[in-house]
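Here is the structure we will look at, set down as structure tokens.
The values are calculated or read from the model by the stated rules, or taken from the named source; none is laboratory data. Note that the structure is a prediction, hence the values are computed from the model and not measured. Note that each Cβ is placed from the backbone with ideal geometry, even for glycine, and that neighbours are counted across all protein chains shown.
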Amino acid sequence: MTGFQEVAPGKTRLGWIGTGVMGASMAGHLMDAGFEMTVFSRTRAKAQPLLDRGAGWADSPKAVARQADVVFTMVGYPSDVREVILGPHGALAGCQPGAVIVDMTTSEPSLAIEIARLAAQQEVFAIDAPVSGGDVGAREARLSIMIGGDANVVKALDPCWHAMGKTIVHQGGPGAGQHTKMVNQILIATNMIGVCEALLYGYKAGLDPAAMLQSVGSGAAGSWSLANLGPRILDNNFEPGFFVEHFIKDMGIALEESKRMGLSMPGLALAHQLYLALAAQGHSRDGTHALQLALASLSGVDWKRR
């Protein structure tokens, strides 16, 4: 297989599969950059804003791939990735030799490697490129994109990466992007416990929330989660930038990979259990910062009525 050719608006046809909380914004930025776009989503209504702006509609991932040189996928679970890429009506079945499939879902490293192997048999390139930054990063095109796959193809896709994100790093071969995203999710998991416990403590101590965040957010305790999700927690706004159920999925992948590598991850395991409790309380479709509700419940605090 030779390196992929130049990618440019007006020359390269793009396809997008999955127009959820983040996918719709990301596809929209690519259209803003001038790329022709064909989309598919299980719920057509979620793609309607893109269709209204001129994107074409396809009835299946396979049909998207038939009309695209580069196909991006942004779906929910590894099982969804397998279906929309490797299934009988998946993108790979519709790709021509020389095409590229870019999976931006947070998924299993082993699946990314499998997709790359099967794609290569059809002379198709497969790239794994999960992202971090949530709904805010997607809307503002400030995502961190962690990329695994052929270096020449990754470089050729620069116009696409820079339309969607600000931090673009090629991590290595197939699966390296997904492994890097696991590092990211492990960092977030225990950090969210700290953010939520700290805000609970501040509330019970009677502190002024705005003044408290001003002091701690600018020091060594500052973090993306505190700065972006802390105010939402204090406003009782638990709308999802990233669903609890998807974060549980990610932590499960990280725990399985850790087990395979012989690693003990007690902090990650604790976060996983707390989020399972949160989901059991009916918050699986809330944002990850809804962990505040489960932790408040442990202390008998009705956070939404505080």
Q: Please state which of the following conditions GLY241 fails to meet, knowing it meets all the rest: (1) in contact with a helix residue (DSSP H, G or I) (Cβ under 8 Å, 6 or more places away or on another chain); (2) at pLDDT 95 or above; (3) within 21 Å of ASP286 (Cβ to Cβ).
A: (2)
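Only residues that are of a type in the set (D, E, K, R), surrounded by fewer than 19 Cβ atoms within 10 Å (Cβ to Cβ) and closer than 24 Å to ALA126 by Cβ: list them for the range 38-66, please.
Within the range 38-66, ARG42, ASP59, ARG66 meet the criteria.
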(Q) Looking at the range 179-193, can you tell me whether even one residue there is of a type in the set (Lys, Arg) and under 18 Å from the mean Cα position of the chain (by Cα)? (A) yes
Q: May I ask you to list the residues in the range 67-96 that are among the basic types (Lys, Arg) and either assigned to a loop (DSSP other than H, G, I, E, B) or buried (at least 18 other Cβ atoms within 10 Å of the Cβ) (or both)?
A: none
**Q.** Of all residues in the range 126-137 being of a type in the set (A, V, I, L, M) and touching a residue at least 60 places away in the same chain (Cβ under 8 Å), the one that is surrounded by the most Cβ atoms within 10 Å (Cβ to Cβ)
**A.** VAL131
Q: Mind telling me which of the residues THR12, THR19 ends up being closer than 21 Å to VAL136 by Cα and either without any contact (Cβ under 8 Å) to a residue 24 or more places away in the chain or touching a strand residue (DSSP E or B) at 6+ places or on another chain (Cβ under 7 Å) (or both)?
A: THR19
Q | Pairs where the first residue, in the range 232-251, is in contact (Cβ under 8 Å) with a residue 40 or more places away in the chain and among the polar types (S, T, N, Q) and the second is crowded, with 19+ Cβ neighbours inside 10 Å and outside any helix (DSSP H, G or I), C-beta under 6 Å, 6+ apart | A | none
**Q.** Residues (surrounded by fewer than 20 Cβ atoms within 10 Å (Cβ to Cβ), within 24 Å of the chain's Cα centre (by Cα) and farther than 17 Å from GLY194 by Cβ) located in the range 250-276
**A.** GLY252, LEU255, GLU256, GLU257, SER258, LYS259, ARG260, MET261, LEU276
(Q) Which numbered condition in (1) more than 19 Å from ALA271 (Cα to Cα); (2) of a type in the set (S, T, N, Q); (3) surrounded by fewer than 20 Cβ atoms within 10 Å (Cβ to Cβ) is the only one that GLN178 fails? (A) (3)
**Q.** helices (runs of 4 or more DSSP H) wholly inside the range 110-207 containing at least 3 residues that are in the same structural domain as PHE238 (by TED's automatic domain parsing), over 26 Å from PRO97 (Cβ atoms) and not aliphatic (A, V, I, L, M)
**A.** 176-204
Q: Specify which of the listed residues (ASP128, ASP150) is in contact with a helix residue (DSSP H, G or I) (Cβ under 7 Å, 6 or more places away or on another chain), under 18 Å from VAL70 (Cα atoms) and either at pLDDT below 95 or charged (D, E, K, R) (or both).
A: ASP128
Q. So HIS179 clears everything in (1) out of contact with any Leu (no Cβ under 6 Å at 6 or more places or on another chain); (2) closer than 24 Å to ALA55 by Cα except one condition, right? Which one?
A. (2)
Q | Exclusive hit being surrounded by fewer than 24 Cβ atoms within 10 Å (Cβ to Cβ) and more than 18 Å from LEU30 (Cβ to Cβ), set GLU140, GLU123 | A | GLU123
